[in-house]
């Protein structure tokens with residue numbers, strides 16, 4: 001085999017690899033704003049059995065038939081503090097609408113007292129779930145807070161929003177899902 | 001000379017036996033803590049850079065360690081299944097050792113392929129160089145040699 005052929009073959013292989021990488025970059029879907037991907041999307045939600053910080057039992061399995069929103073929260077996390085007013089508005093809106101979602105705060109690496117004080121000061125009367133040893137966070141693959149997840153009435157995970165919520169994002173995504181679900 | 005050969009042969013046999021033993025011996029029974037350490041050392045801390053769950057003190061890593069310990073304690077899943085469980089939640093970024101299937105397998109196969117190709121090219125280049133023989137002398141070469149011989153004969157006669 002002559003060196004000319006060898007050069008041609010090596011150049012072709014390098015060009016093929018570069019074109020493939022470019023193709024992957026072009027066809028890969030960009031992240032849709034804050035709505036993030038997760039292997040759990042479309043899958044049954046992990047089994048969550050815990051208690052609220054007021055020691056009321058909670059079993060996600062028993063919430064089937066309702067839209068459930070989990071907001072992973074820590075009272076010292078700045079984006080969690082920033083998005084809190086949006087969550088208060090969201091909870092009010094859902095409480096008054098038909099087929100409204102149930103909002104739950106999942107306490108992430110924080111003390112019950114700190115969470116209780118935060119909600120007393122900033123409002124929000126929804127349930128706050130204990131997450132012993134971060135088991136719920138691991139079950140959902142949450143590494144950083146805040147994260148917000150939506151579970152449909154069939155118990156399937158439908159939306160994952162990473163980071164601070166932007167105004168109207170959760171409402172818009174949830175309305176879209178509800179429309180798809182009823183149609 | 002014969003003794004030296006025997007020593008080399010004995011050393012070769014000893015190394016072969018030790019290698020075969022090392023490659024095939026079983027790890028023996030593991031404690032639960034061994035399994036937890038092994039699994040967590042294969043997982044990357046999702047909130048730190050370059051640290052495994054085994055060494056990291058971050059709260060996310062601690063949560064994963066606790067979950068791994070819980071699953072090892074329950075005894076339902078194998079080590080690979082526990083790693084897959086964490087991967088299914090946090091994505092493949094959480095794996096410190098790439099999988100040997102799918103696109104990740106390129107990490108293992110490409111270096112081997114490059115090594116094989118490079119060695120083949122080297123062998124073929126050496127073989128080509130070994131076969132290369134000097135070509136037949138040209139008419140000009142022969143004339144040059146004839147002139148040089150004639151010149152040396154003339155110089156010899158004069159002296």
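The values are calculated or read from the model by the stated rules, or taken from the named source; none is laboratory data. Every value quoted in this text rests on a predicted model; they were computed, and no experiment measured them. Cβ sites come from the backbone with ideal geometry, for glycine too, and all protein chains shown count toward neighbours.
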From (1) free of Cβ contacts under 8 Å to residues at least 24 places away in the same chain; (2) farther than 22 Å from residue A:51 by Cβ; (3) within 14 Å of another protein chain (Cβ to nearest Cβ), pick out the condition that doesn't hold for residue A:95. (3)
Mind checking which pairs have a first residue in segment A:109-121 that is within 23 Å of residue B:57 (Cβ to Cβ) and within 14 Å of another protein chain (Cβ to nearest Cβ) and a second that is assigned to a helix (DSSP H, G or I) and modelled with pLDDT under 95, Cβ under 6 Å, 6 or more apart or different chains? A:109/B:59
Filter segment B:88-99 for residues that are out of contact with any helix residue (DSSP H, G or I) (no Cβ under 6 Å at 6 or more places or on another chain) and without any contact (Cβ under 8 Å) to a residue 12 or more places away in the chain; the one that is farthest from the other protein chains (Cβ to nearest Cβ) is B:99
Name every residue in segment A:24-45 that is out of contact with any strand residue (DSSP E or B) (no Cβ under 7 Å at 6 or more places or on another chain) and either outside any loop (DSSP other than H, G, I, E, B) or at pLDDT 95 or above (or both), in order of residue number. A:24, A:25, A:26, A:27, A:32
When residues of segment B:128-151 are filtered for being part of a helix (DSSP H, G or I) and exposed (fewer than 10 other Cβ atoms within 10 Å of the Cβ), how many remain? 5
Just the residues that are more than 17 Å from residue A:45 (Cα to Cα) and not in a loop (DSSP other than H, G, I, E, B), please, taken from segment A:128-161. A:128, A:132, A:133
Any chance residue B:110 is within 14 Å of another protein chain (Cβ to nearest Cβ) and over 27 Å from residue A:46 (Cα atoms): yes
Quick one: which of B:63, B:58, B:69 is within 13 Å of another protein chain (Cβ to nearest Cβ), touching a residue at least 24 places away in the same chain (Cβ under 8 Å) and surrounded by 14 or more Cβ atoms within 10 Å (Cβ to Cβ)? B:69
So if I check each of B:122, B:115, which one is within 30 Å of residue A:10 (Cα to Cα) and within 14 Å of another protein chain (Cβ to nearest Cβ)? B:122
Those residues that are within 18 Å of residue A:24 (Cβ to Cβ) and touching a strand residue (DSSP E or B) at 6+ places or on another chain (Cβ under 8 Å), I need them from segment B:85-103; list them, please. B:93
